Amino acid sequence: MNETKKKKRGLPLALTIVAYALIIVVLLAVAPVLCPAVFGYQTRLVGSDQSGKVGTKGTVVYAKEVDSIQNGNLIAIDLGKDDKSVLVNYVAGEETDGIMLEGGEKVEKDVIVGKIAAKTPFIGYLCQLCFSVIGIIILVLVFLIALAMMIIANGIAKKENQKAMNQDYSS
């Protein structure tokens, strides 16, 4: 096989590899938010951590609604902001008109998002960016570019196969 045939066969392979890599990047960008939602967890960004156990701002917590909240549970409390950020604190006690938190603060039961089941540090800001209007546009564009690369690679490979078949029949 001569050198030009190797280069022409390498181009579709390279395009396909880059396209798959781009698709994997898009999937990894949305997975921390979309996958937990399938199992009933809400993904929220930590706005304030009064417990000292979750971490810094930018941490993503996965909260699940529970029927009863017990003393010592780590809970997420809705801050009422547009960015879906939460306050994280431990339950110190339950009262008829709300929940008492460690530190003496009291919150109403209707602002409690749920009990925190897991956390993922440092990816919160990336998730926020990915699910903003600009982030969604970028992710869709990257996906479309990857799709176009796969179509181009497939077209090049078909042309090369057709040329090779034509050369074999003419020989």
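The values are calculated or read from the model by the stated rules, or taken from the named source; none is laboratory data. In this text, all values refer to a predicted model and were calculated from it rather than measured experimentally. In this analysis, Cβ positions are derived from the backbone assuming ideal geometry, glycine residues included, and neighbour counts consider all displayed protein chains. Accessible surface areas use protein heavy atoms only, side chains included; no ligands, DNA or RNA. Shrake-Rupley method; radii C 1.70, N 1.55, O 1.52, S 1.80 Å.
Computed from Cα positions, the angle between helix 133-170 and the longest principal axis of the chain comes to roughly 20 degrees.
For region 23-39, backbone nitrogen atoms closer than 16 Å to the point 7 Å from residue 154 Cα along Cα-to-C-beta are found at 23.
Over the chain, DSSP H runs of length four or greater, each weighted -39,500 (n - 2.57), average out per residue to a 222 nm ellipticity of -17000 deg cm²/dmol. The mean sequence distance of close C-alpha pairs (under 8 Å, at least 6 residues apart), as a share of the length of the chain, puts its relative contact order at 26 percent.
The fraction of accessible area contributed by carbon and sulfur in region 67-139 is 57 percent, rounded to a whole number (1.4 Å probe; ligands and nucleic acids excluded).
Rolling a 1.4 Å probe across the protein heavy atoms gives the chain an accessible surface of 64 Å² per residue.
Would you kindly find the accessible area of residue 22, with a 1.4 Å probe and non-protein molecules such as ligands, DNA and RNA excluded, rounding to the nearest 10 Å²? For residue 22, the solvent-accessible surface is approximately 50 Å². For residue 97, the accessible area of its heavy atoms, probed at 1.4 Å with every protein chain present, is near 90 square angstrom. Sorting 20, 169 by accessible area puts them as 169, 20; the probe is 1.4 Å, largest comes first, and only protein heavy atoms count.
Relative contact order, whole percent, for region 90-171 stands at 10, derived from Cα pairs under 8 Å and 6 or more residues apart.
Between the amide H of residue 86 and those of 45, 46, 47, 48, distances stay under 5 Å, these residues lying 5 or more places away or on another chain, with hydrogens modeled in the peptide plane. Against the longest principal axis of the chain, how steep is helix 3-38, in degrees 0 to 90 to the nearest 10, with axes from Cα atoms? That works out to roughly 20 degrees. Exposure check, 1.4 Å probe, all protein chains in place: residue 96 carries approximately 140 Å² of accessible surface.
Across the protein chains, with a 1.4 Å probe defining accessible surface, the residues 35, 127 rank 35, 127 from largest area downward. Taking 68, 132, 85 as the candidate residues, the one with maximal mean-square fluctuation in a Gaussian network model of the chain, Cα springs under 10 Å, is 68.
Pull out a ≥ b ≥ c, the square roots of the eigenvalues of the alpha-carbon gyration tensor of the chain, then state rounded if a/c is under 1.5, prolate if not and a/b is larger than b/c, and oblate in the remaining case. Since a/c reaches 1.5 and a/b is larger than b/c, the shape of the chain is classed as prolate.
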